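One structure below.
The values are calculated or read from the model by the stated rules, or taken from the named source; none is laboratory data. Every value quoted in this text rests on a predicted model; they were computed, and no experiment measured them. Here the Cβ positions follow ideal geometry from the backbone for every residue, glycine too, while neighbour counts run over all protein chains shown.
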Amino acid sequence: MSRKSLISIRDFSKEEILHVLETAKEFEQNKVQNFLEGKVIASLFFEPSTRTRLSFETAINRLGAKVIGFSDATNTSQSKGETLKDTIKMVSNYVDMIVMRHPLEGSSRYASEVASVPVVNAGDGANQHPSQTLLDLYSILQTQGTLEGLTINMVGDLKYGRTTHSLLQAMSHFNPKFIFTAPDELKMPKEYKDFLDSRGIEYIETTSLNEHLNDCDILYMTRVQQERFTDLMEYERVKDVYTLNAGMLSDVRKNMKILHPLPRVTEISQDVDDTPYAYYFKQAENGLYVRMAIISYLLGYR
Ligand code: CP
């Protein structure tokens, strides 16, 4: 059995990323397969989730395996003081793989070091969300026909947005250009801009949503995440900084698609949903096929 974990998107080479995307396409065409019958996978969510948890659990069921786990850690022995280390060591004796979301950055890497089975990071604080990145890449490829040479405009909370951090690193394999649209309080952190500089990848920064709306192939909208702010006054200042509406899309590129990891709050008006540019609900559906592919690959089946 494979022992590889997926903690950061940088754990996967370009070839592994492309392999998972190709396998996901096969799962989209044939959604029910039972080759993981007899396996058990733990779904440990220490932080709220709708899409990631439910699509992972559906993927596990569609592959013929069984799921154990929790979506509310207050019902576990963590509330009696059990450490993450003990929880993971114990759960890894029961299962063949662990899918884990946790609010602390670095928690998934730590879990993978103490677990005896592969661990998939389903989001660790503001750090990484690699399975989201793979479904983002799948959606970009599906809509653009290529991952090469695209311009991605990332909008909103680029400081705490783990999905933007993972996506930026993954896209670095494919000669992208980036536009970072964020208020000063939520700018892309320096470490990620240094990463792009070290690879000679172009990016520009703006605070205006209108300024580069018509210059991109992918508009990657994000939510301003209240749960990441320590200063709630700062959250109140920036929470409604951008709202995209259908009237703003009259001159965008015809191939442009709007992605959003979801959930959304006020950053995309509902009138955008009916435009040909909205792709976020299909993007969320793609999470199922991509997560089937991730599980199969990490367990050594595809
Ligand atoms: N995109 C995403 O991670 O959504 P959930 O928080 O609902 O899992």
Scan region 210-243 for residues that are closer than 16 Å to Ala278 by Cβ and without any contact (Cβ under 8 Å) to a residue 60 or more places away in the chain and jot them down. Thr243
Checking Phe229 against (1) surrounded by fewer than 18 Cβ atoms within 10 Å (Cβ to Cβ); (2) modelled with pLDDT under 95, only one condition comes out false. Which one? (1)
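Conditions (1) in contact with a helix residue (DSSP H, G or I) (Cβ under 6 Å, 6 or more places away or on another chain); (2) surrounded by 15 or more Cβ atoms within 10 Å (Cβ to Cβ); (3) not assigned by TED's automatic domain parsing to the domain that holds Asn153, marked per residue:
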site: Gly247; (1), (2), (3): no, no, no
site: Ile258; (1), (2), (3): no, yes, no
site: Glu267; (1), (2), (3): no, yes, no
site: Val272; (1), (2), (3): yes, yes, no
Residues located in region 170-225, provided they are within 20 Å of the chain's Cα centre (by Cα), at pLDDT below 95 and not hydrophobic (A, V, I, L, M, F, W, C): Arg223, Gln225
For the subset of region 25-57 comprising residues that are within 16 Å of the ligand (Cβ to nearest atom), farther than 26 Å from Ser116 by Cβ and assigned to a helix (DSSP H, G or I), which member is nearest to the chain's Cα centre (by Cα)? Arg51
Give Asn121, Asn153 a once-over and let me know the one that is in contact with a helix residue (DSSP H, G or I) (Cβ under 9 Å, 6 or more places away or on another chain), crowded, with 23+ Cβ neighbours inside 10 Å and closer than 17 Å to Thr207 by Cβ. Asn153
Return yes or no: is Ser71 touching an Asp or Glu at 6+ places or on another chain (Cβ under 9 Å), polar (S, T, N, Q) and within 16 Å of the ligand (Cβ to nearest atom)? no
Collect the residues in region 234-278 that are under 22 Å from Ser55 (Cβ atoms) and touching a Leu at 6+ places or on another chain (Cβ under 6 Å), keeping them in residue-number order. Ile258, Ile268
What tally of residues in region 120-156 results from selecting those that are farther than 19 Å from Pro48 by Cα, in contact with an Asp or Glu (Cβ under 6 Å, 6 or more places away or on another chain) and in a strand (DSSP E or B)? 1
Taking region 279-296 and the residues there that are out of contact with any Lys or Arg (no Cβ under 8 Å at 6 or more places or on another chain) and of a type outside the set (Asp, Glu), the one that is nearest to the ligand (Cβ to nearest atom) would be Gln283
Quick check, is Tyr289 among the hydroxyl-bearing types (Ser, Thr, Tyr) and either part of a helix (DSSP H, G or I) or touching a strand residue (DSSP E or B) at 6+ places or on another chain (Cβ under 6 Å) (or both)? yes
